[in-house]
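This report concerns only the one structure given below.
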Amino acid sequence: NRTDGPTLLALTRQNVPQLRTSVPSDNPCSHGAYELVAASGEAKVSLFASGSEVEIAVAAQKELAGRGIATRVVSVPSLELLLAQPDDKQKAVIGNAPVKVAIEAAVRWGWDAVIGHDGVFIGMHSFGESGPAKDLFKHFGITAEATVNAALKRLG
């Protein structure tokens with residue numbers, strides 16, 4: 001249906017779990033991002049991730065929620081589509097949590113539009129490594145543990 005912007009078929013060699021368990025009436029990916037896991041109460045932390053990193057965000061959310069910190073997860077399959085949405089829709093998806101964390105197995109480029117210049121970025125700060133995703137995520141610190149620690153540090 002889309003002829004004027006990004007369209008994709010997302011495939012992976014990684015064994016990732018099915019995280020969206022309900023069937024929405026519309027296609028939430030068509031908006032670029034959607035809340036996958038709601039916070040219990042007013043969110044103190046919002047975790048944003050795309051692709052296989054969403055699994056990391058969900059694991060971090062469970063850990064933070066277990067510590068009594070209201071945390072939500074936003075799946076961002078297309079940053080470009082999210083940023084093309086009207087401001088009110090962007091703000092609704094991004095939310096008002098004081099701590100915003102993006103998790104991406106790439107560089108920070110583009111994420112400041114979502115997490116702000118003072119947001120936390122869990123990702124790569126260099127380029128050129130290759131290997132199994134599990135090993136690379138650990139090497140670059142793209143883990144649920146690193147996400148939890150960064151959120152806790154920012155919460156003070």
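Net charge in the neighbourhood of LYS44 (other residues with Cβ under 12 Å of its Cβ; Lys, Arg +1, Asp, Glu -1) is +3. So which of LYS44/LYS91; LYS89/LYS153; LYS62/LYS153; LYS62/LYS100; LYS62/LYS91 end up more than 21 Å apart by C-alpha? In this structure, LYS89/LYS153; LYS62/LYS91 lie more than 21 Å apart at Cα. Farthest toward the positive end of the dipole of the range 40-148, out of LEU64, VAL54, VAL74, is the Cα of LEU64, where the dipole comes from beta carbon charges about the Cα centre.
Where in the chain are the DSSP H helices whose alpha-carbon span along the long axis reaches 18 Å or more and whose Kyte-Doolittle mean is at least 0.0? Qualifying helices: 53-66.
Restricting the GluC sites (Glu not before Pro) of the range 31-97 to loop positions (DSSP other than H, G, I, E, B) with no more than 11 neighbouring Cβ atoms within 10 Å leaves GLU42.
Across the range 122-148, the residues whose backbone nitrogen lies under 12 Å from the label position 7 Å along the beta-carbon direction of ARG154 are 122-123, 147-148.
Overall form of the range 28-155: oblate. Here a/c, set by the Cα gyration tensor axes a ≥ b ≥ c, is 1.5 or more, and a/b is not larger than b/c. Under a model in which nothing but the beta-carbon of Lys, Arg (+1) and Asp, Glu (-1) is charged, the chain shows a dipole of about 360 debye around its Cα centre.
Laboratory data are not the source of any read-out in this text; all were calculated from the coordinates shown. None of the values given here were measured: they were computed from a predicted structure. So basically every Cβ, Gly included, is an ideal-geometry build from the backbone, and we count neighbours across all protein chains shown.
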